[in-house]
Each structure stands twice: as structure tokens, then as C-alpha cells.
Amino acid sequence: MKVRKAVIVAAGLGTRMLPASKVIPKEILPVVDKPALQVVVEEAVASGIEEIVLVLSPNRTIGLDHFQPAPELERHLEQRGKHDILESVRQTNQLARFTAAWQDQPLGLGHAVLQAREAVGDEPFAVMLPDDIFDSERPCLRQLLDTSEALNAPSVALMRVAKSEIPKYGIVEVRPARPRLYELRGMVEKPPIEQAPSDFAIVGRYVLTADIFDLLARGRPGAGGEIQLTDGLLALNKKRKMFGYEFEGTRYDLGDRVGYLTAQIGFALKRPELADNLRAWLRTRLESGHFLAKL
Ligand code: G1P
């Protein structure tokens, strides 16, 4: 299968990051100096995706604005000879082709993905959740695309989670196939720990086939009273072989305050112009015993 389009769902209320996300959609909050949404779009492009379908809430459109040209700002930077910054600003509107799809009401992730149906059409597509960002040598979505292309089947990114974390995720039942590769045998959204089929959680990258749209359209509210993508996946899995791939790399959960903070540090340490100063600060804090005060 050849995947050209990625659906990025950016229509949530961002309640886990309030009050920061009261006015600013959480996907626009920065990871160092880039909106999280841009980090995810760059992962999509680096994975070979050509078109991004952004699912937005109609009253929160700045996610789309970020990828449009900003002629006045560009002129200003050009006149002042700030070429590096100009380049980084221009990059944002040359990354990919964007289409918007709208979710009028927050009825759940499955419902949000369904809103991209017209923009996606009848071809296989990726879904990316911008709460989840990855630091990996081979982009996380590329790892999934390689899996789906080789097996001609839908796939999801998997990660083992601590028992206590299980009720926060879609959890899969698996049959090991090869190292890191699992055949999916079932899945359940946010189960109680004792009902979880494994400790493998789905994290926010999926490669799906267009027949999931019919299944989502028929979907009934599930966990939390929402139309869940996981329930659509379960229905799809009844029709098709599907796989989970335990991705290689580090995942940060931007919807969690500690995940958000560690993402800042992790991504800043990858930037040579920032890493030395940050490392020096971390070192003095560590040496002064500040970080370990409570250990
Ligand atoms: C969503 C999905 C869940 C998945 C998680 C990954 O949940 O519904 O299946 O495990 O993303 O981050 P949410 O975080 O929106 O509650």
C-alpha cells in the first residue's frame, strides 16, 4: 500500500493542559521553539507524506494559520537581514500541502477522524495525534509505514506502559510475529487494569485503510461517552489482519505536564546551540543537590 496523506487531529479542547490551552490550542504550545503541530508535520513529511489533513475545531483555526505564508513578517525579517529566522518562518509554509476538515463538536477521536473522510477519499492514510511526539532515528510514522507497506495491512504504534498507566490508553491483545512486530487480536479503550489484555498501549500513530470510515460512521459512543477510534480499529480488525509495531525511539506525552517538560529538555538537548548552556545549568542544579533534595 502507498500512503500519501496524514490526518492530524487537532480539534480537542486540551483540558489536560489548562489554563495554558484556554485560548491557545494545545497543539500550538511550543516544543522548544516550534509548535507541537509543526514537529508532527515535520515527522509526517520526513516519513514521505505529501498531504496533511488537519482536523480542527471551527473556532480554533490557528493550527492552519501557522502553515500559511506571513508576507509582512517575512518582509520585516528580510529588511533587517535576519536570514536564518526568515528561513525558519518560510519553511513553515513550504512543508506540505494542507487541507482542513472540521469537527463541530468534541464527540471523540473516532468522530474527529471520520470528519477527514472526504479529504482522504478511498486511499490508505495515516493518523497522527499531536499529543504524542517522538524522537527517533527513523521517524515513528516511517516505521509504521514500512510495516504496513511490507505486510499490506493497517498498523498502529505500540509501547509497553506501566500497569498504573493502562487506564489512560487503548490497550491491545497481541500475538508476537517477529521482534517488535505483533499481530493484533483485539483492543479496548481505557480498560480497568484487571481487564487489560496486555500492557501494550497504542500511541498516537496509525496507518489505516479507508474502509474504517464506514465503521466509524456506524460507531456508538464508547469509553467516556465518545466515539472512539479504538472501537473503529476493533471493527476493522474483524475484517482485516492488522499489526502493531513496537516503535524504536522515545515518546513524549505532551498532554501530561511532566511529559511536556521532559519533551522540552529532550528536544533542546538535541540542538547544539542550546545543549551546552542547558547541560551546564542541569549540571549545576544536580551538583548543588537541588534536584535530589527529596531523594
Ligand atoms: C487517545 C486514544 C488512545 C491512545 C492514546 C495515545 O487517547 O484514544 O487509544 O492510546 O490517544 O496517546 P487520549 O490520549 O486522547 O485520551
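The values are calculated or read from the model by the stated rules, or taken from the named source; none is laboratory data. From a predicted model like this one, the values you see are computed outputs, not experimental measurements. Here the Cβ positions follow ideal geometry from the backbone for every residue, glycine too, while neighbour counts run over all protein chains shown. These area figures cover heavy atoms from the full protein model, side chains too; ligands, DNA and RNA do not enter into them. Shrake-Rupley method; radii C 1.70, N 1.55, O 1.52, S 1.80 Å.
For this structure, a couple of remarks:
- Yes/no for ALA126 being in a helix (DSSP H, G or I) and buried (at least 17 other Cβ atoms within 10 Å of the Cβ): no
- Note on segment 247-281: residues that are closer than 28 Å to GLU165 by Cβ, among the hydrophobic types (A, V, I, L, M, F, W, C), in a helix (DSSP H, G or I) and touching a residue at least 12 places away in the same chain (Cβ under 8 Å) total 5.
- Residues that are near the ligand (Cβ under 10 Å from one of its atoms) and either acidic (Asp, Glu) or crowded, with 16+ Cβ neighbours inside 10 Å (or both) within segment 224-252 comprise GLU226, GLN228, LEU229, THR230, ASP231, LEU233, ARG251, listed in sequence order.
- Number of the exception - LYS22 against (1) surrounded by fewer than 22 Cβ atoms within 10 Å (Cβ to Cβ); (2) assigned to a strand (DSSP E or B): (2)
- Selection of first residues in segment 203-230 that are modelled with pLDDT under 95 and of second residues that are among the basic types (Lys, Arg) and near the ligand (Cβ under 9 Å from one of its atoms), restricted to Cβ pairs under 6 Å at least 6 apart or on distinct chains, gives the following pairs, ordered by first then second residue: ALA223/LYS190.
- A search for C-beta distances below 8 Å between a residue of segment 66-86 that is assigned to a helix (DSSP H, G or I) and any residue that is of a type outside the set (A, V, I, L, M, F, W, C) and open to solvent by 50 Å² or more (accessible area, probe 1.4 Å), counting only pairs 6+ apart in sequence or on different chains, returns GLU74/ARG90; LEU77/HIS83; LEU86/GLU78.
- Qualifying residue in segment 103-125 (condition: in contact with a Lys or Arg (Cβ under 6 Å, 6 or more places away or on another chain) and under 20 Å from GLY232 (Cβ atoms)): yes
- Only one entry of ARG60, ARG97, ARG138 meets the criterion of being farther than 16 Å from VAL7 by Cβ, of a type in the set (Lys, Arg) and surrounded by fewer than 19 Cβ atoms within 10 Å (Cβ to Cβ), and that entry is ARG138.
- Total residues in segment 169-187, condition under 22 Å from ALA235 (Cβ atoms), touching an Asp or Glu at 6+ places or on another chain (Cβ under 9 Å) and not hydrophobic (A, V, I, L, M, F, W, C): 6
- Any chance VAL55 is under 15 Å from PHE125 (Cα atoms), in contact (Cβ under 8 Å) with a residue 12 or more places away in the chain and outside any loop (DSSP other than H, G, I, E, B): yes
- Extreme residue, most open to solvent (accessible area, probe 1.4 Å), among residues of segment 150-166 that are under 24 Å from ILE212 (Cα atoms) and within 16 Å of the ligand (Cβ to nearest atom): MET159
- Where THR92 falls short, out of the listed (1) under 30 Å from GLN228 (Cβ atoms); (2) in contact with a helix residue (DSSP H, G or I) (Cβ under 8 Å, 6 or more places away or on another chain): (1)
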